[in-house]
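The values are calculated or read from the model by the stated rules, or taken from the named source; none is laboratory data. Quantities reported herein were computed from a predicted structural model and do not represent experimental measurements. Methodologically, a virtual Cβ is constructed for each residue, glycine included, from the backbone with ideal geometry; neighbour enumeration extends over all protein chains shown. With ligands, DNA and RNA removed, areas are computed over all heavy atoms of the protein, side chains included. Shrake-Rupley method; radii C 1.70, N 1.55, O 1.52, S 1.80 Å.
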Amino acid sequence: MYITYERAEFDVNDIGEIRRVVGEAYHNGVEASKHGRVADYIPELAKGKADDFGICMLGTSGEPIAFGDVEKRFSIQSISKVINLAASLKFLGFRETFSHVGMEPTGDTFNSILKLDTVSDLPFNPMINAGAIQIMSMLSNIMDFDELLGFARAFCMDDKIELNTPVYLSESETGDRNRAIAYLLKSKGVLQGDPDKTLDLYFKMCSLNVNAKTLANMGLLLACRGQNPFSGKHVIYPGYIRTIKSLMFTCGLYDESGEFGVMVGLPSKSGVGGGIVSTVSDRWGIGTFGPALNEKSNSAGGIAALKHISHLLKLNVFS
Ligand code: GLU
């Protein structure tokens, strides 16, 4: 298949051309990062470097297309919400999971308490803090951190994922807003576990160290319907992947999810550590890392790079 754009016609299956597009996306990402700001509401995050940027795209060939800072480890932050949801679906099931958390976007910031107090007793969806904390309260009754870490490693096809202890301690020391969410859920009688145990697990999952390659791996596992394409192992049932990707598409980029859906059109999840994971069904996982964030707390460079790739390679799911 050939697509037409400003410079030429090219074969979207030609790996040389794809590499060229990803290289251009990398440069766009570097430029856009100059207009972002590193998150500073958790002291350890403020140590991020605004000019770091990397992108990795991985298909089932196992040969990554990678530019920039793709090996550098950073904290996964909200991208862990995808892993938490996957664990809940796998170990507790669809019905139990969605008996305690909704499926609707909020249009609010990721750590908002507003609608939780005024509109609904249950958190709106698993991709915002309230929803992820609710999921952790369920998981805290059946799994400990080491078991969840093992699942995260399988889900991201990365055995080197570890806890970033300074980030975890920093999260835990300054996480009053998340404490407020957990205790509000408890006060409403909907939290499913002990609030402090729940929060400890939540903070630890936010503090996993990943890199852009890890995120590309995660995106590829999602693209392959939950099967590790290299080992053949089924990590999670394909029907659950559909649910996860739907929620990533509608709720994955905080209160920029709608615009991102229009401009990029790929199931994706961002984190304030600067990562974005994206998935292209049956083809690729894409991981970007750029700690300079835009005003919606999404990686400025990551968004610019993904727009370019999606546009030129026609990857929008509705293309
Ligand atoms: N640990 C962060 C928090 O709970 C995660 C934020 C994010 O990446 O959206 O506030």
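Divide the volume of the convex hull around the Cα atoms of region 216-290 by the residue count and you get 84 Å³ per residue. Full extension of the chain between F230 and E31 gives 68.2 nm of extra length, using 0.36 nm per residue less the Cα-Cα distance. Structure remark: mean-square fluctuation, Gaussian network model of the chain, C-alpha springs under 10 Å; the largest value among K34, K204, K233 belongs to K233. Note: region 1-152, Cα convex hull, 194 Å³ per residue.
Of the chymotrypsin sites (Phe, Trp or Tyr not before Pro) found in region 240-319, those in coil by DSSP whose Cβ has at most 15 other Cβ atoms within 10 Å are F318. State log₁₀ I(q)/I(0) for region 25-94 at q = 0.18, 0.19, 0.21 Å⁻¹ as given by the Debye formula over alpha-carbon point scatterers of equal weight, solvent excluded. Those come out to -0.92, -0.96, -1.03, one per q.
Tell me the carbon and sulfur percent of the accessible area for the chain, rounded to whole percent, probe radius 1.4 Å.
Of the solvent-accessible surface of the chain, carbon and sulfur hold 51 percent.
Where the alpha-carbon atoms of the chain are placed on the principal axes, they occupy 61, 39, 36 Å, in descending order.
So which residue, out of I309, I133, I79, gets the largest mean-square fluctuation from a GNM of the chain using Cα contacts under 10 Å as springs? Sorting by GNM fluctuation, first place goes to I309. Largest first, the three principal axis extents of the alpha carbons in region 261-301 are 31, 20, 13 Å in whole numbers. Once each part is reduced to its C-alpha centroid, what is the distance from region 75-128 to region 177-241 in angstrom? About 10 Å separates the Cα centre of region 75-128 from the one of region 177-241. Projected label points at Y237 and K90, each 7 Å from Cα along the beta carbon direction, are separated by 1.4 nanometres. Note on S246 and D194: with the Förster distance fixed at 30 Å, the Cβ-Cβ geometry gives a FRET efficiency of about 0.50.
Calculated translational diffusion coefficient of region 134-176 (37 °C, 0.692 mPa s; Stokes-Einstein with Kirkwood radius over alpha-carbon pairs) equals 278 µm²/s. Using just its DSSP H runs of length 4 or more, each adding -39500 (n - 2.57), the chain gives a mean residue ellipticity at 222 nm of -14000 deg cm²/dmol after division by all residues.
Solvent exposure of the chain amounts to 40 Å² per residue of accessible area, where only protein heavy atoms count and the probe is 1.4 Å. Our estimate of slack between R20 and K160, defined as 0.36 nm per intervening residue step minus the Cα-Cα distance, is 47.5 nm.
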